[in-house]
């Protein structure tokens, strides 16, 4: 209990609880994908592992098993967003299964006790967890970014599986409350689309909590306003997604896809500006090329957003393929220059070096995925007959584009935090 640098209990509960929830949602989503259809015992084991591991980390970071227990309870409360799918009768409506009365208290108690058990193990050997102990708001921002990335992937699978209208109404699902859509109905395209909506609610909840967290804990007005702006963008994004369904408009789908990936970049930038390294007293490095590197990063960020929009037009409407390919060449060249400069010119600046490495690696990967996506898209004109591997390739291409945008956002903020123009430059 005397270990220095341990996380405050409230911080550990908040971050640990949402960490458990995001891990459980990820395991559940992947295991129930039509492309995966994992057996129930495997899914159950992964969910159990997520609770125990999350509890362990929470207990270790805080030195308190009670923090892990409360984190498990918080995760179970968040999971109420999908509990309705398990307790609703298969025929829809608002009727519940007979055992529903036991599910609600049972899920809360089980989540708390299992996480508490993991916390007991973690608290026996407490130690600071760097991403949590010294900057919990930054850790929560990073967790929100991870949930948003999963949402982007889920959206890509919706497009790849042509499931955008599988659930034809909004905000209801087949005339019922979307949180009570029975699990038995979530098959094929319905699963892709409805799971995407549920992940949208999770990201919206994370964005709301993050904005409140930063408003309370961060002294910088600019950071608070940035968090509120991203929260507003998340709300607008939800409305855009709904209008895409009610209007059956693929142009709105393209805008929806672009805004979603831009939001991911925003959360990644927030995670950086709330990180321990950013908040440290580390001085800015005098560099003759600071102005150039800031310019490269900013221009790259703008071009990547434009490129993502062009890619969305290709996927949604079959438009702008040549413009998208041309844009890919421009982004690759500029991104490679920016990434190699950050990687090679600033070996003593860890944030810049890591960002440069990731940017170069993602660009190379994206070129390979882009070629594979072109082959997949041209293999058959009938989207309904497209093999699952093609859907995975095009979705991976979209997700990697989102990660490149996130890396460009990191380059933009870190060049401003880490670099200062030299007196002669």
From 45, 59, 93, residue being at pLDDT 90 or above and surrounded by fewer than 21 Cβ atoms within 10 Å (Cβ to Cβ): 45
Number of positions in the stretch 300-320 that are over 22 Å from the mean Cα position of the chain (by Cα) and loosely packed, with under 15 Cβ neighbours inside 10 Å: 2
Qualifying position, being part of a helix (DSSP H, G or I) and either surrounded by 14 or more Cβ atoms within 10 Å (Cβ to Cβ) or at pLDDT below 90 (or both), among 368, 411, 381: 411
Residue check for residue 5: crowded, with 20+ Cβ neighbours inside 10 Å and touching a residue at least 40 places away in the same chain (Cβ under 8 Å): no
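Yes/no per residue for (1) out of contact with any strand residue (DSSP E or B) (no Cβ under 7 Å at 6 or more places or on another chain); (2) assigned by TED's automatic domain parsing to the domain that holds residue 305; (3) crowded, with 16+ Cβ neighbours inside 10 Å; (4) under 16 Å from residue 145 (Cα atoms):
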{"residue": "169", "(1), (2), (3), (4)": "yes, no, no, no"}
{"residue": "182", "(1), (2), (3), (4)": "no, no, yes, no"}
{"residue": "185", "(1), (2), (3), (4)": "yes, no, yes, no"}
{"residue": "193", "(1), (2), (3), (4)": "yes, no, yes, no"}
{"residue": "197", "(1), (2), (3), (4)": "yes, no, yes, no"}
{"residue": "204", "(1), (2), (3), (4)": "yes, no, yes, yes"}
{"residue": "221", "(1), (2), (3), (4)": "yes, no, no, no"}
{"residue": "240", "(1), (2), (3), (4)": "yes, no, yes, no"}
Unique match (being over 16 Å from residue 149 (Cβ atoms), in contact with a helix residue (DSSP H, G or I) (Cβ under 8 Å, 6 or more places away or on another chain), in contact (Cβ under 8 Å) with a residue 40 or more places away in the chain and not assigned by TED's automatic domain parsing to the domain that holds residue 175) among 253, 227, 287: 287
Single unsatisfied condition, residue 155 versus (1) surrounded by fewer than 24 Cβ atoms within 10 Å (Cβ to Cβ); (2) in contact (Cβ under 8 Å) with a residue 60 or more places away in the chain: (1)
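The values are calculated or read from the model by the stated rules, or taken from the named source; none is laboratory data. What you are looking at is a predicted structure, and each value in this text was computed from that prediction instead of being measured. All Cβ positions, glycine included, derive from the backbone under ideal geometry; neighbour counts span all protein chains shown.
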